[in-house]
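**Q** This is the structure, below, for whatever I ask next.
The values are calculated or read from the model by the stated rules, or taken from the named source; none is laboratory data. Everything numeric in this text was worked out from a predicted model, so none of it was measured. We place every Cβ from the backbone using ideal geometry, glycine too, and count neighbours over all the protein chains shown.
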Amino acid sequence: EAAVTQSPRNKVAVTGGKVTLSCNQTNNHNNMYWYRQDTGHGLRLIHYSYGAGSTEKGDIPDGYKASRPSQENFSLILELATPSQTSVYFCASGGTGGSSYEQYFGPGTRLTVL
Amino acid sequence: GQQVQQSPASLVLQEGENAELQCNFSTSLNSMQWFYQRPGGSLVSLFYNPSGTKHSGRLTSTTVIKERRSSLHISSSQTTDSGTYLCALEGASGSWQLIFGSGTQLTVMP
């Protein structure tokens with residue numbers, strides 16, 4: 001069974017503070033993704049990675065950085081958090097070929113920026 | 001315009017009724033995935049279905065590439081089926097990025 005975990009599960013941050021969201025996958029997938037989900041906007045892609053050392057910008061990268069230090073770990077970094085970044089963040093991992101490009105999602109992190 | 005359109009936006013059923021959820025897309029695709037999400041929950045993959053028909057219990061997914069549509073059929077609905085159903089496609093550009101529809105909110109009444 002695919003396994004993607006996220007930490008923390010809930011986070012309250014102050015405006016201007018630094019926030020790091022972590023994601024770990026044990027699927028040995030090359031690709032990893034960070035999404036945010038907001039009412040009225042659905043799921044939107046922030047950053048993604050094709051493998052260790054790579055990060056790519058998604059559809060809404062402004063205000064976010066990403067880091068992929070290893071195959072298993074992918075972090076999302078908010079250097080200067082703002083209230084507009086209050087959201088639920090999902091990490092996902094996905095295969096890169098063969099018979100499946102299926103993506104598997106983590107449990108989500110609820111971030112509130114005050 | 002929107003590349004993935006889901007319908008209906010919301011649906012209310014009596015337990016035991018069947019449901020047909022639709023996903024139409026305006027771009028060529030590599031893959032189509034259906035997810036289920038409970039309120040406050042994560043996305044659970046129901047089907048990875050780039051083409052053809054797949055079955056899983058009371059669920060059936062059918063993707064017809066030429067007609068640019070995918071459907072999710074739920075038979076004999078149960079109250080535990082309530083939640084949001086999302087379709088997502090990976091475009092043919094080969095970037096492995098999913099484009100999500102806005103979802104169908106399903107409520108099954110006892």
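**Q** If I ask for residues that are without any contact (Cβ under 8 Å) to a residue 24 or more places away in the chain and of a type outside the set (Val, Ile, Thr), which ones from region A:53-75 would you list?
**A** Within region A:53-75, A:53, A:54, A:56, A:57, A:59, A:61, A:62, A:63, A:65, A:67, A:69, A:70 qualify.
**Q** Out of B:101, B:83, report the one residue that is of a type outside the set (D, E, K, R) and at pLDDT below 95.
**A** B:101
**Q** Out of everything in region A:96-114 that is assigned to a loop (DSSP other than H, G, I, E, B) and at pLDDT 90 or above, what residue ends up being farthest from residue B:29 (Cα to Cα)?
**A** Filtering region A:96-114 for residues that are assigned to a loop (DSSP other than H, G, I, E, B) and at pLDDT 90 or above, the one farthest from residue B:29 (Cα to Cα) comes out as A:114.
**Q** Among the residues of region A:43-52, how many are without any contact (Cβ under 8 Å) to a residue 24 or more places away in the chain and outside any loop (DSSP other than H, G, I, E, B)?
**A** Number satisfying all stated conditions: 3.
**Q** Go through (1) closer than 18 Å to residue B:5 by Cβ; (2) modelled with pLDDT of 90 or more; (3) buried (at least 17 other Cβ atoms within 10 Å of the Cβ) for residue B:59 and report which single condition fails.
**A** (1)
**Q** Further question: Could you run through region B:62-110 and say how many residues are among the hydroxyl-bearing types (Ser, Thr, Tyr) and buried (at least 16 other Cβ atoms within 10 Å of the Cβ)?
**A** Total meeting the criteria: 10.
**Q** OK, next. Enumerate the strands (runs of 3 or more DSSP E) found wholly within region B:5-110, keeping only those where 3 or more residues are within 12 Å of the chain's Cα centre (by Cα).
**A** The strands (runs of 3 or more DSSP E) meeting that bar are B:19-25, B:29-37, B:43-48, B:59-64, B:69-74, B:83-91, B:104-109.
**Q** Given the criteria out of contact with any Pro (no Cβ under 6 Å at 6 or more places or on another chain), in contact (Cβ under 8 Å) with a residue 60 or more places away in the chain and crowded, with 19+ Cβ neighbours inside 10 Å, does residue A:78 qualify?
**A** Considered against the rule, which asks whether it is out of contact with any Pro (no Cβ under 6 Å at 6 or more places or on another chain), in contact (Cβ under 8 Å) with a residue 60 or more places away in the chain and crowded, with 19+ Cβ neighbours inside 10 Å, residue A:78 comes out as yes.
**Q** Would you check if there is a residue in region A:44-51 being surrounded by fewer than 13 Cβ atoms within 10 Å (Cβ to Cβ) and of a type in the set (D, E, K, R)?
**A** No, region A:44-51 has no match at all.
**Q** Would you check which residues across region A:73-88 are assigned to a loop (DSSP other than H, G, I, E, B) and more than 27 Å from residue B:38 (Cβ to Cβ) and list them?
**A** The answer is A:79, A:80, A:81, A:82.
One line per residue, one yes/no per condition, for (1) assigned to a loop (DSSP other than H, G, I, E, B); (2) within 11 Å of another protein chain (Cβ to nearest Cβ); (3) closer than 12 Å to residue A:6 by Cα:
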residue	(1), (2), (3)
A:28	yes, no, no
A:37	no, yes, no
A:54	yes, no, no
A:63	yes, no, no
A:90	no, yes, yes
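**Q** I'd like to verify a number: residues in region A:60-114 that are closer than 13 Å to residue A:19 by Cβ and of a type in the set (Val, Ile, Thr), how many?
**A** 6
**Q** Okay, moving on. Report yes if some residue within region B:37-51 is away from chain A (no Cβ under 14 Å) and touching a residue at least 12 places away in the same chain (Cβ under 8 Å); otherwise report no.
**A** Scanning region B:37-51 turns up no residue that is away from chain A (no Cβ under 14 Å) and touching a residue at least 12 places away in the same chain (Cβ under 8 Å).
**Q** Okay, moving on. Only one of these is of a type outside the set (Phe, Trp, Tyr), within 27 Å of residue B:36 (Cα to Cα) and touching a His at 6+ places or on another chain (Cβ under 9 Å): A:107, A:61. Name it.
**A** A:61
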